[in-house]
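Participant: Can you keep this structure in mind? I'll have questions shortly.
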Amino acid sequence: MAIVLSIQHLPKMTLNPIAVLNEPRKTRVPYELKQGQSRVFHQLPSGLNMEVIVQKSVKEKNPESRKDPPLVFVHGSYHSAWCWTEHWLPFFSNSGFDCFALSLLGQGESDTPSGTVAGSLQTHAGDVADFIKRNLSLPPVLLGHSFGGLIIQYYLANMRNELHYEMQNLYPKLTGAALICSVPPSGNSGLVWRYLFSKPIAAFKVTRSLAAKAFQTSLSLCRETFFSATMEDNLVLRYQELMKESSRVPLFDLRKLNESLPVPKMTACSTEILVLGAKDDFIVDAEGLNETGRFYNVTPICIEGVAHDMMLDCSWGEGANVILSWLNGLNR
């Protein structure tokens with residue numbers, strides 16, 4: 001069973017492989033960065049560039065105290081790095097963490113590979129690993145949302161699988177991983193089948209919204225899919241426009257993805273894992289959340305009054321505070 005939390009209202013590294021590129025924007029809807037944020041590009045071994053939005057800690061650090069791990073954020077389908085920059089990058093940088101939000105290939109301002117999809121679990125996790133290996137001096141905490149959480153699960157499986165010293169650099173060590181409204185280890189097929197039998201109307205809406213991309217043209221369906229019912233129209237409209245432009249090609253071939261799942265069940269390792277869900281999640285149900293918790297032998301936390309896009313929702317601070325408490329526990 002998940003722990004359910006009720007809402008309580010809220011009162012330097014050197015990045016050698018990264019360069020700022022003066023190229024035309026790939027997305028037609030501009031996203032203006034907030035104060036303290038910068039957009040840079042990490043060149044992958046393929047030669048393709050991956051967008052990274054950076055916001056460093058604003059706290060002065062005592063050189064004698066233990067350093068906080070950097071945070072690396074990985075988005076899900078129909079999103080890109082911008083989804084973290086609205087609220088969570090400012091929040092966590094103000095809390096003392098260096099933050100890096102990635103746009104996976106084919107998403108946001110990142111380059112698009114050849115082919116009809118952006119990649120696979122293996123290629124996306126490899127791109128995240130390459131960024132970490134070439135830019136971060138401390139083991140980071142990975143935070144993944146929705147399908148981004150599944151990519152992190154693949155990363156964890158391969159990191160744990162490294163039996164030879166020469167392979168350890170392929171998937172660098174992590175301090176922790178936070179799986180946020182994550183697709184469970186078995187994929188989304190179980191979610192779909194449960195909805196078909198228990199909530200057929202919801203199943204139709206989810207399929208229409210995501211597979212048929214109806215969320216892009218229906219404000220009410222976009223809100224129901226991603227946000228709380230109380231989210232203001234102007235915010236839903238703004239995020240809807242950004243989501244329309246965020247994904248030039250699908251993250252995965254879903255048929256091939258489902259054939260490759262579940263992610264491998266690995267032996268225990270030292271990486272701390274947080275499984276975090278939302279009570280009002282329209283996409284990942286309670287059983288999906290609990291499946292992920294069982295897989296990693298942790299008790300999932302489910303926050304009431306928050307929807308699937310926890311980092312953008314009107315109650316975004318609820319999840320941020322749970323994660324911050326968990327992060328502070330890692331440093332003890």
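Participant: Tell me yes or no: at least one residue of the range 105-116 is closer than 21 Å to Met159 by Cα, open to solvent by 40 Å² or more (accessible area, probe 1.4 Å) and among the small types (Gly, Ala, Ser). If you could, list the steps in order and put the result at the bottom.
Facilitator: Here is the first cut: in the range 105-116, the residues closer than 21 Å to Met159 by Cα are none.
Among the residues of the range 105-116, not one is closer than 21 Å to Met159 by Cα, open to solvent by 40 Å² or more (accessible area, probe 1.4 Å) and among the small types (Gly, Ala, Ser), which makes the answer no.
Participant: Report those helices (runs of 4 or more DSSP H) wholly inside the range 230-321 carrying at least 1 residues which are open to solvent by 60 Å² or more (accessible area, probe 1.4 Å), of a type in the set (A, V, I, L, M) and touching a Gly at 6+ places or on another chain (Cβ under 9 Å). Give the derivation first.
Facilitator: Values: elements: 233-246, 254-259, 286-295.
Of the helices (runs of 4 or more DSSP H) lying wholly inside the range 230-321, those with at least 1 residues that are open to solvent by 60 Å² or more (accessible area, probe 1.4 Å), of a type in the set (A, V, I, L, M) and touching a Gly at 6+ places or on another chain (Cβ under 9 Å) span 254-259, 286-295.
Participant: I've got another one for you. All but one of (1) over 29 Å from Pro90 (Cβ atoms); (2) modelled with pLDDT of 95 or more; (3) polar (S, T, N, Q) hold for Asn297; which doesn't?
Facilitator: For Asn297, the failing item is (2).
Participant: Another one. Quick check: anything in the range 92-103 part of a strand (DSSP E or B) and aromatic (Phe, Trp, Tyr)? Give the steps one after another, and end with the answer.
Facilitator: Within the range 92-103, the subset part of a strand (DSSP E or B) is 99-102.
Then keep just the ones that are aromatic (Phe, Trp, Tyr); that gives 100.
Scanning the range 92-103, I find at least one residue that is part of a strand (DSSP E or B) and aromatic (Phe, Trp, Tyr), so the answer is yes.
Participant: Hey, another quick one. Quick one: in the range 138-163, of everything that is assigned to a loop (DSSP other than H, G, I, E, B) and closer than 18 Å to Leu327 by Cβ, which residue is least open to solvent (accessible area, probe 1.4 Å)? Working first, answer last.
Facilitator: Let us first name the residues in the range 138-163 that are assigned to a loop (DSSP other than H, G, I, E, B), namely 138-140, 146, 161-163.
After this cut, where a residue has to be closer than 18 Å to Leu327 by Cβ as well, the list is 138-140.
On the way: Leu138: 57, Pro139: 49, Pro140: 1 Å².
Filtering the range 138-163 for residues that are assigned to a loop (DSSP other than H, G, I, E, B) and closer than 18 Å to Leu327 by Cβ, the one least open to solvent (accessible area, probe 1.4 Å) comes out as Pro140.
Participant: In this structure, is Gly115 over 21 Å from Gln37 (Cα atoms), over 15 Å from the mean Cα position of the chain (by Cα) and at pLDDT 95 or above? Quick ask: steps written out before the conclusion?
Facilitator: Numbers: over 21 Å from Gln37 (Cα atoms): yes; over 15 Å from the mean Cα position of the chain (by Cα): yes; at pLDDT 95 or above: no.
The answer is no for Gly115.
Participant: Filtering the range 47-66 down to residues that are closer than 25 Å to Tyr155 by Cβ and surrounded by fewer than 15 Cβ atoms within 10 Å (Cβ to Cβ), which residue is modelled with the lowest pLDDT?
Facilitator: Initial filter on the range 47-66 (closer than 25 Å to Tyr155 by Cβ): 47-57, 66.
Those still in the list that are surrounded by fewer than 15 Cβ atoms within 10 Å (Cβ to Cβ) too: 47, 66.
Working: Gly47: 96, Arg66: 72.
The selected residue is Arg66.
The values are calculated or read from the model by the stated rules, or taken from the named source; none is laboratory data. Predicted model only: the values in this text are computed from it and were never measured. We place every Cβ from the backbone using ideal geometry, glycine too, and count neighbours over all the protein chains shown. To get the accessible areas, we keep the full protein, side chains included, count just its heavy atoms, and leave off ligands, DNA and RNA. Shrake-Rupley method; radii C 1.70, N 1.55, O 1.52, S 1.80 Å.
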